[in-house]
Amino acid sequence: MTEITRTVEQLVADVDVDDDGYVCVTVTQPLTVDEARDVAHAILQAAGEGERYLAEEGTAAAAVEPIVGIVHGVALIGYTSTTCCGRDPFALPAPDTITADDAAVTCRKAR
Ligand SMILES: [Zn+2]
């Protein structure tokens, strides 16, 4: 939890940003005009922090894209390389797969 509790407001109000980026305000007693201004300032700062947090979360979520492997054509009987790009099926990158179904081949070098 990202907790932003400003010392100035601690006696009368707490302003926090929670894990979901929400700004949480707890007022413990009625505020004077000056205290209200301080709390309002703290809320605006917390809103900025919540916004930055959500933007970072969005960037992180966008960066984690599922890895989609290329589908290669299986080597024909008597051959040791894929039909699409002529590579050793055992040396293909981990997410890649091989298939005997020509229609399912997604390798760019196919045909
Ligand atoms: Zn291939």
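Scanning the stretch 81-110 for residues that are at pLDDT below 90, among the small types (Gly, Ala, Ser) and surrounded by 11 or more Cβ atoms within 10 Å (Cβ to Cβ) yields a count of 1. Test residue 46 against the criterion of being free of Cβ contacts under 8 Å to residues at least 24 places away in the same chain, closer than 30 Å to residue 22 by Cβ and either out of contact with any Pro (no Cβ under 9 Å at 6 or more places or on another chain) or more than 16 Å from the ligand (Cβ to nearest atom) (or both), and give yes or no. No, not satisfied. The residue list 66, 93 contains one member that is under 30 Å from residue 19 (Cα atoms) and within 30 Å of the chain's Cα centre (by Cα), which is 66. For the stretch 54-111, a tally of residues being outside any loop (DSSP other than H, G, I, E, B) and within 11 Å of the ligand (Cβ to nearest atom) returns 7.
The values are calculated or read from the model by the stated rules, or taken from the named source; none is laboratory data. Predicted, not measured: the structure shown is a model, and the values here were computed from it. For neighbour counting, all protein chains shown are included, and Cβ atoms are generated from backbone atoms with ideal geometry for every residue, glycine included.
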